[in-house]
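The values are calculated or read from the model by the stated rules, or taken from the named source; none is laboratory data. The structure presented is a predicted model; accordingly, all values stated were derived computationally and were not measured. Here the Cβ positions follow ideal geometry from the backbone for every residue, glycine too, while neighbour counts run over all protein chains shown. We work out accessible area using only protein heavy atoms, side chains counted, and drop any ligands, DNA or RNA first. Shrake-Rupley method; radii C 1.70, N 1.55, O 1.52, S 1.80 Å.
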Amino acid sequence: MTLRFTKHTLANGLDVLLHEDRGCPIVAVNIWYHVGSKNERPGHTGFAHLFEHLMFEGSQHHDRGYFQPLQGAGATLNGSTNADRTNYWEVMPSNALELALWMESDRMGHLLPALTDAKFSNQRDVVLNERRQNYENRPYGLAPMALLAALFPPDHPYHWTTIGEVDDLHAVTLDQVHAFFRRYYHPANASLALAGDFDPGTALALVDRYFGSIEPGDRVSPVRDSAALVGQTRIFYEDRVELPRLHMAWLTPPMFAEGDADLDLAADLLANGKTSRLYKRLVFEERVATDVSATQNSREMAGYMQLTATAAPGHALGELERAILEEIARLVADGPTDDDIVCGRVQAEAQFVFRLQTVGGFGGKSDQLNAYNVFLGDPDYFDRDQQRYHDVTKTSIQDTLGRYLDPDRRVTLSIVQHGRPTLAAADSSPVAVS
């Protein structure tokens with residue numbers, strides 16, 4: 001499919017993407033900063049996610065909460081951070097576009113004068129509490145930290161989670177936070193997409209009016225690093241859980257790279273949905289697991305395939321591990337059927353179209369335009385993105401799985417009940433995670 005849009009770049013380096021859609025009297029404002037946790041370094045983690053919070057706390061010309069004026073105008077809004085980018089968005093009635101642009105521009109160009117010690121300390125406490133709720137006090141919640149630390153070496157930008165390390169969050173100073181903002185949150189490291197009911201000429205003039213005078217900042221060099229798994233890493237930790245759980249992970253290609261689409265479809269074939277091979281075998285037929293899932297986690301520098309299964313009462317994680325490896329080997333040897341590939345393509349296309357049913361939010365036309373622009377430098381990537389899945393064949397799935405899901409180059413993580421380390425998969429070593 002194609003999406004009509006125009007791309008403009010302001011003198012300060014801000015990319016502006018405009019997609020006119022008069023189907024409904026709403027407009028989406030979506031801004032991406034090309035900064036995430038991968039732009040941090042060991043001992044200084046959690047900065048990008050902390051700024052996701054701080055940038056809702058007011059700026060120089062609106063030094064109070066960010067939600068009230070926009071929600072008062074009928075908008076919905078939010079933001080998020082991951083390893084590779086930070087985004088903010090608003091979806092509102094068309095007549096509130098200027099308000100959203102003014103507020104977005106003020107926090108881009110004038111945040112630091114309003115960033116006080118009190119706001120900084122308050123939001124750091126909010127982040128630490130979020131970490132406790134979503135990771136430390138949630139069953140199996142520390143698994144992402146253990147997996148990433150095992151998949152990537154300590155100095156690799158994907159070694160830590162986006163939430164950051166507790167000690168780093170306690171140690172960070174306001175001066176360090178200011179420096180991080182000046183480095184990454186400026187027009188030359190951002191992409192702004194508007195989609196919906198607006199006049200492009202008028203909208204572009206408003207963007208230039210509010211963003212054009214912001215200092216560009218220095219271009220940010222791409223983060224480049226590599227990782228490789230040599231042999232197996234077999235680890236476990238004890239947690240407050242009812243049933244043991246197994247995670248298996250492999251390093252895979254970056255997003256949009258060759259093999260990424262094959263692994264997306266292979267993950268669905270293996271363990272997503274009740275018709276998947278591992279669900280039918282582990283949950284339905286043999287009843288050795290209560291659930292099973294798989295994801296190809298596509299990231300800018302490298303991806304990783306993750307398979308997760310929870311053991312049914314009375315069954316060991318070793319049973320699950322053997323069955324998973326057998327089904328992967330069977331798929332490599334025999335390949336998927338023609339029907340499997342057709343279903344996978346249809347599902348991928350349906351998910352793709354579903355994301356584009358809205359003009360904004362998490363997903364939506366404006367968000368997808370920014371994703372292509374930030375990661376590929378080419379917002380007009382819709383057709384080629386879909387084509388990746390149409391190019392998948394039986395042989396390409398076999399070759400890709402055989403290349404990347406090597407049973408001798410993986411991380412195997414067992415999560416077991418406190419006091420029951422013998423439930424971990426064989427030859428696993430304890431790992432400290434917090």
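Rank these by accessible area, largest first, 1.4 Å probe: 247, 315.
From most accessible down to least: 315, 247.
Around residue 152, what is the net charge, scoring Lys/Arg as +1 and Asp/Glu as -1 over all other residues with Cβ under 15 Å from its Cβ? Walk me through the numbers on the way to the answer.
Numbers: positive: 38, 41, 224, 299, 409, 410; negative: 40, 84, 155, 165, 225, 300.
Taking every Cβ under 15 Å from that of residue 152, the sum is 0.
Considering the alpha-carbon set of segment 137-200 alone, what are its Rg and its Dmax in angstrom?
Gyration radius and largest Cα-Cα distance of segment 137-200: 17.7, 50 Å.
R0 = 25 Å: FRET efficiency of residue 82 with residue 227, Cβ-based, nearest 0.05?
Details: r = 18 Å, r/R0 = 0.71.
Once rounded, the FRET efficiency stands at 0.90.
Roll a 1.4 angstrom probe over the protein heavy atoms and tell me the percent of accessible area of the chain that is carbon or sulfur.
Ligands and nucleic acids excluded, carbon and sulfur reach 49 percent.
What Kirkwood radius, in Å to one decimal, follows from the Cα pairs of the chain?
Answer for the chain: a Kirkwood hydrodynamic radius of 23.3 Å.
Hey, rough spin-label estimate for residue 427 and residue 291, points 7 angstrom out along Cα→Cβ, what's it come to in nanometres?
3.0 nm
Could you grab the relative contact order for segment 124-167? Cα pairs under 8 Å, six or more apart, rounded to a whole percent.
30 percent
If we count GluC sites (Glu not before Pro) as exposed when they sit in a DSSP loop and have at most 12 other beta carbons within 10 Å, what is the longest stretch of the chain that avoids them all?
The answer is 1-241.
Taking the Cα centre of the chain as origin and charging only Cβ (+1 Lys, Arg; -1 Asp, Glu), how large is the dipole, in debye to the nearest 20? Please list the in-between numbers first.
Working: 39 positive and 58 negative charges, 92 e Å.
About 440 debye.
For residue 291, which sequence-distant residues (separation of 5 or more, or a different chain) have an amide H within less than 5 Å of its own amide H, given hydrogens modelled in the peptide plane?
310
Below 25 Å, Cα to Cα, which lysines can residue 280 reach? Residues fewer than 8 away in the same chain don't count.
394
Any chance you could give the angle, 0 to 90 degrees and rounded to 10, that helix 365-376 forms with the longest Cα principal axis of the chain?
70 degrees
With every protein chain left in place, what is the accessible area per residue of the chain in square angstrom, probe 1.4 Å?
Solvent-accessible surface per residue comes out at 43 Å².
Calculate log10 I(q)/I(0) of segment 325-421 for q = 0.10, 0.11, 0.15, 0.22 Å⁻¹, where I(q) comes from the Debye formula with a single equal point scatterer on each Cα and nothing for solvent.
At q = 0.10, 0.11, 0.15, 0.22 Å⁻¹ the computed log10 ratios are -0.47, -0.55, -0.83, -1.05.
What translational D, rounded to a whole number of µm²/s, comes out for segment 228-370 from Stokes-Einstein when the hydrodynamic radius is the Kirkwood one over Cα pairs, at 4 °C and 1.567 mPa s? Each step should come with its number before you reach the end.
On the way: Rh = 16.8 Å.
Once the numbers are plugged in, D ends up at 77 µm²/s.
Suppose R0 equals 35 Å. What FRET efficiency, 1/(1 + (r/R0)^6) with r the Cβ-Cβ distance, do residue 178 and residue 409 give to the nearest 0.05?
0.25
Under a plain spin-label model, where a point goes 7 Å from the Cα along Cα-to-Cβ, how far apart in nm are residue 9 and residue 98?
So the label points at residue 9 and residue 98 sit 3.0 nm apart.
No solvent, one uniform scatterer per C-alpha: report log10 I(q)/I(0) for segment 266-306 via the Debye equation at q = 0.19, 0.20 1/Å, two decimals.
Normalising to I(0) and taking log10 leaves -0.53, -0.57.
Mind giving me the nanometre distance, one decimal, between the label points for residue 117 and residue 352, set 7 Å out from Cα along Cα→Cβ?
Here the answer is 5.4 nm between the modelled labels.
Please tell me the relative contact order of the chain in percent, rounded to the nearest whole number, where contacts are Cα pairs under 8 Å and at least six residues apart.
Normalised by residue count, the contact order of the chain is 23 percent.
On a 1.4 Å probe surface of the protein chains, which of 279, 381, 372 comes out largest in accessible area, and what is the full order?
From most accessible down to least: 279, 381, 372.
Ignoring everything except DSSP H segments at least 4 long, calculate the 222 nm mean residue ellipticity for the chain; use -39,500 (n - 2.57) per segment, divide by total residues, nearest 500.
Per the formula, -11500 deg cm²/dmol.
Please give the solvent-accessible surface of residue 138 in Å², to the nearest 10, using a probe radius of 1.4 Å with every protein chain present.
Counting only protein heavy atoms, the figure is 120 Å².
Considering only C-alpha atoms, what is the centroid distance from segment 155-203 to segment 37-115, in Å?
Measuring centre to centre over Cα atoms gives 9 Å.
Let me check something: with ligands and nucleic acids excluded, how do 378, 383, 367 order by accessible area (1.4 Å probe), largest to smallest?
Correct descending sequence by accessible area is 383, 378, 367.
Per-residue HN-Hα couplings for segment 34-40, Karplus 6.51 cos²θ - 1.76 cosθ + 1.60 at θ = phi - 60°, whole Hz, x for Gly and Pro?
With the stated coefficients, segment 34-40 comes to 7, 8, x, 5, 6, 8, 8 Hz.
Under a straight-distance cross-link criterion of Cα-Cα below 20 Å, which lysines are reachable from residue 7, leaving out those fewer than 8 residues away in the same chain?
365
Relative contact order, percent, of segment 179-322 when contacts are C-alpha pairs under 8 Å separated by at least 6 residues?
Computed over segment 179-322, the figure is 23 percent.
What number in nm² do you get for segment 55-210 if you take the convex hull of its Cα atoms and divide its surface by four?
Values: hull surface 43.7 nm².
Result: a mean projected hull area of 10.9 nm².
Classify segment 370-410 from the C-alpha gyration tensor, please: rounded if a/c falls under 1.5, else prolate or oblate depending on whether a/b exceeds b/c.
Oblate.
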